[in-house]
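Reviewing the structure listed below.
The values are calculated or read from the model by the stated rules, or taken from the named source; none is laboratory data. Model, not experiment: these values are computed from the prediction. Cβ sites come from the backbone with ideal geometry, for glycine too, and all protein chains shown count toward neighbours.
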Amino acid sequence: MQWAKNRYTGFTIVELLIVIVVIAILAAITIVAYTGIQDRAKESNVQSDLSAFMKKIEIARTNAADGLYPFAPSTSDGITTNKSLYLTNRNNWYYCTSTDRTQYALGVVRNFGDASGGRGWVATNGSIIAASAIDDASTCTRVGKPNGSVMGYNVSTGNWASWVNG
């Protein structure tokens, strides 16, 4: 049995390729799962921002002498947000009140989850709903106005409004 002494041990190229392919498949599955988890966490943060906004705007209404929602939030309302969650290549954070200021709507456009850049959330007098194609008109019509929102971010100036802290 002379040939048994010279036999090499180790992995063949085919075995190594199979291991590399299996590792690549596992990595791809992990990356996709991680991205989904990240997007869900961001969605949760956006909803948290909107919930905090709704509480702050209710406090502003309660503190107002006339008991109505403000025409525009102010810096003293203490509205905070994670600005990185929202698009800045277009206007976002559309705030509108009804003509009699007894209702409000806030539409926000998120910057993750899809390439269209139009999906987001709308908060109106105690509820938060997912929406698409959010803009001035689609936000204001929820309170009976054709348009006229106060922008939280204005793309033409490249600035966030002073009432949006973060």
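Remark: pairs (first residue in the range 50-68, touching a residue at least 40 places away in the same chain (Cβ under 8 Å) and of a type in the set (S, T, Y); second residue surrounded by 12 or more Cβ atoms within 10 Å (Cβ to Cβ) and not in a helix (DSSP H, G or I); Cβ separation under 9 Å; 6+ apart in sequence or on different chains) = S51/A123; S51/I128.
Being touching an Asp or Glu at 6+ places or on another chain (Cβ under 6 Å) and under 21 Å from I129 (Cα atoms) is a property that K56 has. The condition of being within 14 Å of the chain's Cα centre (by Cα), farther than 21 Å from S149 by Cβ, among the β-branched types (V, I, T) and part of a helix (DSSP H, G or I) holds for only one of I31, I18, I25, I37, that being I37.
Taking the criterion of being of a type in the set (G, A, S) and assigned to a strand (DSSP E or B), the residues of the range 122-166 that qualify are A123, S127, A130, A131, G152. Return a yes/no flag: does the range 77-95 have any residue that is under 29 Å from D39 (Cα atoms), in contact (Cβ under 8 Å) with a residue 60 or more places away in the chain and in a helix (DSSP H, G or I). Yes.
Step by step: first the residues of the range 126-141, then only those that are of a type in the set (V, I, T), surrounded by 13 or more Cβ atoms within 10 Å (Cβ to Cβ) and over 13 Å from N92 (Cβ atoms), then the one that is farthest from the chain's Cα centre (by Cα). Which residue is that? Looking at residues that are of a type in the set (V, I, T), surrounded by 13 or more Cβ atoms within 10 Å (Cβ to Cβ) and over 13 Å from N92 (Cβ atoms), I get T141.
Annotation: of all residues in the range 106-119 being more than 16 Å from K55 (Cβ to Cβ) and in contact (Cβ under 8 Å) with a residue 40 or more places away in the chain, the one that is surrounded by the most Cβ atoms within 10 Å (Cβ to Cβ) is G107. Among the conditions (1) assigned to a loop (DSSP other than H, G, I, E, B); (2) out of contact with any helix residue (DSSP H, G or I) (no Cβ under 9 Å at 6 or more places or on another chain); (3) not β-branched (V, I, T), P70 misses just one, which is (2). Annotation: V122 fulfils all but one of (1) surrounded by 16 or more Cβ atoms within 10 Å (Cβ to Cβ); (2) aliphatic (A, V, I, L, M); (3) free of Cβ contacts under 8 Å to residues at least 40 places away in the same chain; (4) more than 19 Å from A52 (Cα to Cα); the unmet one is (4). Regarding S98, is this residue under 25 Å from P146 (Cα atoms), of a type outside the set (D, E) and touching a residue at least 60 places away in the same chain (Cβ under 8 Å)? Here the answer is no, as S98 does not meet what is asked. Selection of the range 1-59 for residues being modelled with pLDDT of 85 or more, more than 30 Å from Y86 (Cα to Cα) and of a type in the set (V, I, T) yields T12, I13, V14, I18, V19, I20, V21, V22, I23, I25.
Answer yes or no as to whether N91 is in contact with a strand residue (DSSP E or B) (Cβ under 9 Å, 6 or more places away or on another chain), at positive phi and of a type in the set (S, T, N, Q).
No: the conditions fail for N91.
Would you check if there is a residue in the range 64-87 being surrounded by 17 or more Cβ atoms within 10 Å (Cβ to Cβ), closer than 16 Å to L50 by Cβ and of a type in the set (G, A, S)? No: the range 64-87 contains no residue that is surrounded by 17 or more Cβ atoms within 10 Å (Cβ to Cβ), closer than 16 Å to L50 by Cβ and of a type in the set (G, A, S).
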